Number of protein chains: 2
Amino acid sequence: MAEIFVSMRNLNFLLYEVLNTESLCTLPYFSDHDRDIFDMILETGLALASEELYPALASMDKKAPVLESGSVRVSPVVRELLQACGEGGWIGAGASFQHGGQQLPDTLLSAVRLILGAANYSASVYPVLSTGAAQLICSFGSQELIDAYVPNMFAGLWQGTMAMTEPHAGSSLTDLKTRATPTKRGYYLLAGQKIFISCGEHDGVENVVNLMLARIEGAPAGVKGISLFVVPKLRPTTGSGLEPNDVVCTGIYHKLGYRGAPITQLEMGEHSDCRAWLVGEENHGLRYMFQMMNEARVGVGLGATAIATAAYYASLEYTKERHQGRPIMAKEPTAPQVPIIEHADVKRMLLFQRAVVEGSLSLIMYCSKLIDQVHAGPEEGRERHALLLDFLTPIAKTYPSEMGILAVSTGLQCLGGYGYCDEFPLEQYYRDARIHPIHEGTTGIQGMDLLGRKVTMKNGAAFKLFLGKVQQSIENAKKHEALQAECTQLSDALVQLQNVTGELLNLAAAGKTDLFLADATLYLEYVGIITMAWQWLLQATVAEAALANCDDEADKNFYLGKRTTCHYFFRYELPKCSALATRLLQTDGLTVKMDVGLFED
Amino acid sequence: MAEIFVSMRNLNFLLYEVLNTESLCTLPYFSDHDRDIFDMILETGLALASEELYPALASMDKKAPVLESGSVRVSPVVRELLQACGEGGWIGAGASFQHGGQQLPDTLLSAVRLILGAANYSASVYPVLSTGAAQLICSFGSQELIDAYVPNMFAGLWQGTMAMTEPHAGSSLTDLKTRATPTKRGYYLLAGQKIFISCGEHDGVENVVNLMLARIEGAPAGVKGISLFVVPKLRPTTGSGLEPNDVVCTGIYHKLGYRGAPITQLEMGEHSDCRAWLVGEENHGLRYMFQMMNEARVGVGLGATAIATAAYYASLEYTKERHQGRPIMAKEPTAPQVPIIEHADVKRMLLFQRAVVEGSLSLIMYCSKLIDQVHAGPEEGRERHALLLDFLTPIAKTYPSEMGILAVSTGLQCLGGYGYCDEFPLEQYYRDARIHPIHEGTTGIQGMDLLGRKVTMKNGAAFKLFLGKVQQSIENAKKHEALQAECTQLSDALVQLQNVTGELLNLAAAGKTDLFLADATLYLEYVGIITMAWQWLLQATVAEAALANCDDEADKNFYLGKRTTCHYFFRYELPKCSALATRLLQTDGLTVKMDVGLFED
């Protein structure tokens, strides 16, 4: 087991030096808080992670959940964790005082989520799911629903879930079939099947509250006919008891990784007695769900970053301790071997991991601050912040997910044969990390979202906002000698990005939507790299300013490490944009036109 | 379970249409054979793979080997397989008649190994290891050693292994410590420990014959003092019996994947009674081992390709059957959903896999033909073929290993959530594939080998030979209309490759070896992509010629599929070279100069 799984120094850097999180306390919503409170919360989060979650990392993986006569047995750690999260106020930490929350900024809470996720990703999912589901009820549900469900969810006694996917409707939500029949008793009767529902059933809680999409009888076809319901496993009786609600867990999946959390199949209404309570208005379900979904997508990026963070520190520790080989310039077989971190190729592998991990985290926490500003910032900035957040969401979901896998794989590689064995946690991280490009919308879906929706929306307003932000960061960086080349490089990349985007938009304008979107996944990768370069320039600018007045040796190393990693990113990663631009500019529709018969053998 | 795990059509294409394998039968060594025999062997191999290996794929993964009081229990399939391989003559198939072999060309046998590896990689490793170890004895051992060990290894009764790694000598073989003390009785007494020894102990055979590196007392330091020994688990007694040889299996590794084969720790000489027989001359061990190692490295590339092949066909099958979403140009929620293979992004993912899989296989079988030509071809060509093979070996090991992982990952992605679950084989392939950039020399080691050794050896003769071969393929391709753009693109890439290599060699000439080799891993990736482009051009040239006279619909689809995949490679993959060239030309030594203290937090 590695000793370190997260860097508090880096979290403090992002929170206070880059994002100026304490400034959020000037907003009325957050005005009860200050940096002392933030620091205390970080400390408590780290203690929970170190003492409860991290020690259970391997055991929760090896003893995966088991389904026994409709009940899913999970690690006893889950119940302890959810109770601790309930008592500590973690689950409702971001919710309003009115709903029983603590009104803490998401910027801070994302740092806590990173700590918990780095310690044990599977475990960290349970409370986060409850947070999201409860917030949906708070945002769109009636006071009755809020009173009936939210307090127990915030207390960690009831599990919240997000139930969308069905056997024939995975990426294609338009094809949802689960049916809700109105009754005259204030609820609907639900019938259908859901698959891939995270934590849809387990014995770490008394009850499960599914936020479920379904189609009310007679609703329009497609996504315009989808409504959102609260569908509990046990429903409250007229007294204060609970009774079964005809929701049955019919299966759990045996997965590559992420094994500490059960992914379930649920069957509703087998006995025509599954009651569902409508959240908000009929047929607005997808819009409601997507409020949660956007934050869930940034959350996936955060989970991916968390795993890659832990993998980075585990491999860093190993490379300092493992002695193998000698310096290239002084090869003398009788000289002692050196720690492998001394080898240039190992430093390259560590820099790659660090670039992905700290760049991703920077972007995610930047998005969290946007969430705070949309939610509680001054009225006049909200639309702008919401637009930028919309634009960045598919990137914040995908870059960390896709590149996090490669970062973890590189961490594993640093350990050689040992990386492939379960004496070290890398092999588990490698398995755990692979979920992220899949859940909450695959990478392909995110690409279509970015190019097909976010780039074009409001006449390109979000895209322009993004370009403006990057441009502004370049201006700020220009005064630092060490970042001159990077400023030029990123400026050039922005020009190229506008050319590429312009060419693609011409296709859209000509009605060639299929060609326009053919390589949307590559476009997402392309914009992702530029976004990371921007985040690295942001961080390096802060580091350069700090270096000017820095006496502390450890601080100096930290800031010089930021500079070097920024240089690494611009020299090794940003050049990849040119290859992607080359392809994106071809617009020959190779994949659109290819006859699928050519795959026959 | 997918129905198809390998394409015989593609193997036939490579064997007979691209590589003209039957022409090898004009060489005296192979003159007993003809295409009918080859076809029969392929058929038998496919039957063995389909009937024995493939059905055991999941069970061998789930029931991993167990160590019990020194003995490793493996799946009963292993014993059956080794016996079938022994009886069918598979293990010694490439060896000379004199040694009990069948003198079959490696080009053909590599096709068989692909079939077996695609069916069940773990299972396929057992016989291949025996082949390699037995061939080492045949090549360099005394007649006594050959008689004592080889027949039982070829018969599948005894397992062969390659035992190099020690706790403090993984990548750094120079630091091997296992000690051999001469005796006057024709053998040495061995003492030491080996780790990560594939199949070093298991109950599927009567005996294990380790080909082991050790240092004879008083030998020079470093790699010049390493000798090769036969160290059996049980040694032949003066009668015809066997007795224990003081070799103990002290542990097995619990691994991410590749679980059907045990990776063992061996302890020799605990009771000062471990006898070892020298192979060839003292202190020449590494050179001998590297004869086997080079073929083993191409073999790793083949194993990686085999797994990626099976993953490709499994995902192809799924994408044809899974209905989800609708065509972009005709989105109508009430229209039926289409098979996901119809979506451009899914076709892109399949083309990526196919490009990696069939490109890698083409390179590997090209190398196998070089092995045949070195071994049995006319004298005057041998040095040239050996040089080209030396140059291509690190590429044939690494491109399939590194890109195979991404191909399998892409296959997994095609299945969405199901790809992450063990109902489908993709998650196992994903785990199995991760071993290949590690064993038989990590990717970092291969990079140093290519740039530091192969590019420079004999005044760049191998590199020039490589350039010449690619140039010649471009000339051959030029007559085909459909390959014009590809010819230009690859010519340009060759020019750039020479520039980049020239710049790097300037550093070497200036004595800056550390800067020269700093990004050797990237150089390997760079040359790997160009090599693949070459192999695709080779294949596409054959396909274009065949298309000119093709009436059969299935053949036409196959050749057009080759053309399209070649186009895919040149448009999506080859452009990645420019980013790598950009970095390689910087030679700023970022990773060489970076102080490791900057990684401190």
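Values quoted throughout were computed directly from the atomic coordinates according to the rules given, and no laboratory measurement underlies them. Everything numeric here is computed off the predicted structure, so don't read it as measured data. Positions of Cβ are backbone-derived with ideal geometry, glycine not excepted, and every protein chain shown enters the neighbour counts.
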MRE, 222 nm, helices only [DSSP H, n ≥ 4, -39500 (n - 2.57), over chain A, to nearest 500] = -17500 deg cm²/dmol
Label points 7 Å out from Cα along the Cβ direction at A:D588 and A:T44: separation in nm?
-> 6.0 nm
Convert each backbone phi in the stretch A:244-256 into a coupling constant with the Karplus relation 6.51 cos²θ - 1.76 cosθ + 1.60 (shift: θ = phi - 60°), then list the ³J(HN,Hα) values in order as whole Hz, x for Gly and Pro.
-> x, 10, 6, 10, 10, 7, 9, x, 10, 9, 9, 10, 3
Packing-ranked peptide list from B:504-510, A:406-412, B:115-121, A:328-334, highest mean Cβ count within 10 angstrom first, is B:115-121, A:406-412, B:504-510, A:328-334
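Remind me, relative contact order of chain A in percent, using alpha carbon pairs under 8 angstrom and six or more residues apart?
For chain A, the relative contact order is 13 percent.
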Cα centroids of the stretch A:270-340 and the stretch A:208-236: how far apart, whole angstrom?
-> 31 Å
Using the per-residue mean of other Cβ atoms lying within 10 Å as a proxy for protection, in what order, highest first, do the peptides A:298-309, A:228-239, A:158-169 fall?
-> A:298-309, A:158-169, A:228-239
Here the correct list, in nm and shortest first, of distances from A:T238 to the same site in the other copies, label points 7 Å along Cα→Cβ, is 9.9
Quick one: if you stick a label point 7 Å off each Cα along the C-beta vector at A:A330 and B:H168, how many nm between them?
-> 1.9 nm
With +1 on each Lys and Arg Cβ and -1 on each Asp and Glu Cβ, and nothing else charged, work out how big the dipole of chain B is about its Cα centre, in Debye to the nearest 20.
-> 1040 debye
In whole Å, what is the distance between the alpha-carbon centres of the stretch B:367-422 and the stretch B:37-104?
-> 21 Å
Signed unit charges on C-beta, dipole axis of the stretch B:288-586, positive-most listed residue B:N549, B:L560, B:Y526 | B:Y526
Per residue of B:506-517, how many C-beta atoms from partner chains lie within 10 Å of its own C-beta, taken as a mean?
-> 2
Starting at the first residue of the stretch B:380-397, write each ³J(HN,Hα) from the Karplus equation 6.51 cos²θ - 1.76 cosθ + 1.60 with θ = phi - 60°, in whole Hz, x for Gly and Pro.
-> 5, x, 4, 5, 4, 5, 5, 5, 5, 4, 4, 5, 7, 4, x, 6, 5, 6
Sort shortest first the distances from B:G88 to its counterpart in every other copy, using label points 7 Å along the Cα-to-beta-carbon line, and give them in nm.
-> 5.7
Could you list, bin by bin from short to long, the percent of Cα-Cα pairs of the protein assembly as shown in 20 Å steps?
-> 11, 41, 35, 12, 1
Taking r as the C-beta separation of A:E243 and B:E423 and R0 as 22 Å, the FRET efficiency to the nearest 0.05 is 0.05
How long is the gain from A:K478 to A:V66 if the chain were fully straight, where each residue apart is worth 0.36 nm and the alpha carbon distance is subtracted?
-> 142.6 nm
Residues of A:251-259, mean number of Cβ from any other protein chain within 10 Å of their own Cβ, rounded to a whole number?
-> 4
HN-Hα couplings for the stretch A:549-562 via Karplus (6.51, -1.76, 1.60; θ = phi - 60°), in whole Hz with x for Gly/Pro, come out as 10, 10, 9, 5, 5, 5, 4, 4, 4, 4, 5, 5, x, 4
Note the angle between two axes, namely the Cα long axis of helix B:576-586 and the longest principal axis of the Cα atoms of chain B, as a number of degrees from 0 to 90, rounded to the nearest 10.
-> 60 degrees
What size of dipole, in debye to the nearest 20, comes out for the stretch B:288-586 about its Cα centre when the only charges are +1 on Lys and Arg C-beta atoms and -1 on Asp and Glu C-beta atoms?
-> 540 debye
Output the peptides A:429-441, B:71-83, A:310-322 sorted from most to least packed, where packing is the average of other Cβ atoms within 10 Å over each peptide's residues.
-> A:429-441, A:310-322, B:71-83
Of B:L389, B:L505, B:A485, farthest towards positive along the dipole that unit charges on Lys, Arg, Asp, Glu beta carbons give the stretch B:288-586 | B:L505
Evaluate the charge dipole of the protein assembly as shown about its Cα centre and quote only its size in Debye, nearest 20, assuming +1 on the Cβ of each Lys and Arg and -1 on the Cβ of each Asp and Glu.
-> 1260 debye
Nearest-0.05 FRET efficiency for A:A510 and A:Q337 at R0 = 56 Å, using Cβ-Cβ distance, is 0.35
Report the local net charge at A:V77: Lys and Arg +1, Asp and Glu -1, summed over other residues whose C-beta lies under 14 Å from its C-beta.
-> 0
Leading residue at positive end of dipole, chain B (Cβ point charges), from B:L109, B:G218, B:L584 | B:L584
B:N549 paired with B:Q498, simple spin-label distance in nm, labels 7 Å along Cα-to-beta-carbon | 3.6 nm
Return the average number of partner chain Cβ atoms within 10 angstrom of each residue Cβ along peptide B:553-564.
-> 3
